[in-house]
1. If you go through segment 20-28 one residue at a time, do you hit one that is open to solvent by 80 Å² or more (accessible area, probe 1.4 Å), among the hydroxyl-bearing types (Ser, Thr, Tyr) and either more than 16 Å from Met200 (Cβ to Cβ) or in contact (Cβ under 8 Å) with a residue 24 or more places away in the chain (or both)?
2. Do any helices (runs of 4 or more DSSP H) entirely within segment 60-121 hold 2 or more residues that are open to solvent by 80 Å² or more (accessible area, probe 1.4 Å), and if so, which?
3. Among Glu56, Glu72, which is the only one that is of a type outside the set (S, T, N, Q) and within 24 Å of Val222 (Cβ to Cβ)?
4. Are any residues in segment 140-166 closer than 30 Å to Gly210 by Cα and open to solvent by 70 Å² or more (accessible area, probe 1.4 Å), and if so, which ones?
5. Leu37 is checked against (1) under 21 Å from the mean Cα position of the chain (by Cα); (2) at pLDDT 85 or above and fails just one. What number does that condition carry?
6. For residues in segment 193-208 being open to solvent by 30 Å² or more (accessible area, probe 1.4 Å) and touching a residue at least 60 places away in the same chain (Cβ under 8 Å), which is farthest from Thr65 (Cα to Cα)?
7. Quick one: count up the residues across segment 167-188 that are modelled with pLDDT of 65 or more, loosely packed, with under 12 Cβ neighbours inside 10 Å and polar (S, T, N, Q).
8. Please specify each residue of segment 219-247 satisfying the condition of being in contact (Cβ under 8 Å) with a residue 24 or more places away in the chain, open to solvent by 30 Å² or more (accessible area, probe 1.4 Å) and part of a loop (DSSP other than H, G, I, E, B).
Amino acid sequence: MRTFSTVIGAVIAFLSLVYVISVTNVPLSLFISKSGLVLVIIGTFSAMLLSFSIIEIKRVFNIVTQIFFKNEKHMSEVALDLIKFCQESRISGFNIEKGKQIHPFISDCIVMINDGYSSEEIRSLLEIRIQTYANKEQNDIGIIKSLVKYPPAFGMLGTVIGLIAMMAGMNSENGMKDIGINMAVALTTTLYGLLISNFMFKPIADNLAGRSERNFTLRNMVMECMIMAKEKKSVIIIQDVANSFLTAQDTISIYEEGQSNAA
């Protein structure tokens, strides 16, 4: 559902921009500058290469792609599937492949359970791993946030170059006559920089920050529920543990789910 809202938000932002441009009664071509767009995009990309490694950039691009093309399950849905998995695993054993389909962190838990670690050892090691994952995600968010400053900077650079060229051409035959349209063209690079920064990098950074917080909560929920399952606790206890990580309106009941399916 969050992927759907992301796409809808992008569409609404684009349509609002088109509407604002259309009511200015200025030709659309005036807002299009290939050289300005190239300067902002290539300049931002070059700044990325100077600031970060190829591996970091590739990882961030993969994460950004998931925002638009990989749907994120709601926490209550993951919790319900996790409880069912724990209930089944108490009888048939822990299946890593099936656990991965619910949440990737389940496989980390199963490996430690199968290796014979005690509950306290599992909790201690997984807490370190959870924090490591969180630090890595925060680093990715930091990369995106640092990119926010580059497009406006290169946009302003393009504007300055355009203004220098415009001033230099004022002595020509049509220099004074074309000063208005030349000024408009010079400002397009600043427009592109602001659009890319505020309609792209900032929302993506906020999206990743929210995902990181949810992943932190989900991993802790998975850890505690899997430890309960390892200790052969009842499904009611596992359910209560899972609900402790959810908000009041998101709490779930495996028995109510079973009754609704039966109906």
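The values are calculated or read from the model by the stated rules, or taken from the named source; none is laboratory data. What you are looking at is a predicted structure, and each value in this text was computed from that prediction instead of being measured. All Cβ positions, glycine included, derive from the backbone under ideal geometry; neighbour counts span all protein chains shown. Accessible surface areas use protein heavy atoms only, side chains included; no ligands, DNA or RNA. Shrake-Rupley method; radii C 1.70, N 1.55, O 1.52, S 1.80 Å.
1. No, segment 20-28 contains no residue that is open to solvent by 80 Å² or more (accessible area, probe 1.4 Å), among the hydroxyl-bearing types (Ser, Thr, Tyr) and either more than 16 Å from Met200 (Cβ to Cβ) or in contact (Cβ under 8 Å) with a residue 24 or more places away in the chain (or both).
2. Details: elements: 75-92, 96-102, 105-114.
Result: 75-92, 96-102.
3. Details: Glu56 fails: within 24 Å of Val222 (Cβ to Cβ).
Matching residue, one of Glu56, Glu72: Glu72.
4. Filtering segment 140-166 for residues closer than 30 Å to Gly210 by Cα gives 140-155.
Residues satisfying the conditions are Lys145, Lys149.
5. Of (1) under 21 Å from the mean Cα position of the chain (by Cα); (2) at pLDDT 85 or above, only one is false for Leu37: (1).
6. Kept after step one, since they are open to solvent by 30 Å² or more (accessible area, probe 1.4 Å), are these residues of segment 193-208: 194-196, 198-200, 202-203, 206-207.
From what's left, touching a residue at least 60 places away in the same chain (Cβ under 8 Å): 195-196, 199, 203, 207.
On the way: Leu195: 19, Ile196: 16, Phe199: 16, Pro203: 14, Asn207: 12 Å.
Among them, the one singled out is Leu195.
7. 2
8. Glu231, Lys232, Phe245
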